[in-house]
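Q: First, the structure itself, so that you have it in front of you.
The numbers here are math on the coordinates, done by the rules we state, and not lab data. Only a predicted model underlies this, so the values are computations on that prediction, with no experimental measurement involved. With ideal geometry, Cβ positions are generated from the backbone for all residues, glycine too; neighbour counts draw on all protein chains shown.
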Amino acid sequence: MYNLIKQANLNKCCMPIYVGIAAPGSRRTGRTTIGNTLYGRLSEHRKSIEAVDNLKIEDFAFKVAPMEIDLVSWKEAVLIRHFSFVWNKEISGFGIHDPGSGRAGQKRSVWDRLHLDHTFAAKLPLGNTQLDIDALSVSIKQHCQGMIEDLGCP
């Protein structure tokens, strides 16, 4: 499903797959400390990738773009619009966090349905929407082909 992305990124990162922010939760109050926020966020993503059978952590790399805390959400939106990341547009992120008792009826995300192995996600209902993996694969391939052209990837 991700072969075009892998090929586009063989020599350099031409087509990133996802962007996310690692802003501390206290940014709304103005009492911001970065601390372990970035490490914690990357660790979450690493665990999500390692928890599934159909992805390999060694196929992934990351880049950090440090910036003033007030610009983080704006820059994330700009990057998503420019790069049109597959995991932000077509699949919607790295799945969901363990919903806990108040949201136990929450449905599995598309990411969790494609890359199922989160122990809590396996317990969540699939929902009413049928996931057509073949159609999603075609959509991802078309998306990537368009991005290869737009970004000038090899």
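Q: If you plug each phi of the range 39-56 into the Karplus form 6.51 cos²θ - 1.76 cosθ + 1.60 with θ = phi - 60°, what whole-Hz ³J(HN,Hα) values come out, in order, with x for Gly and Pro?
A: 4, x, 5, 5, 5, 4, 5, 4, 4, 4, 5, 5, 7, 10, 7, 9, 9, 10
Q: Any idea what Rg and Dmax come out to for the range 41-92 if you just take the C-alpha atoms, in Å?
A: 13.1, 38
Q: Same structure, new question: Along Cα→Cβ, 7 Å out, is where each label goes; now give me the distance between the ones at LYS75 and SER43 in nm to one decimal.
A: 2.3
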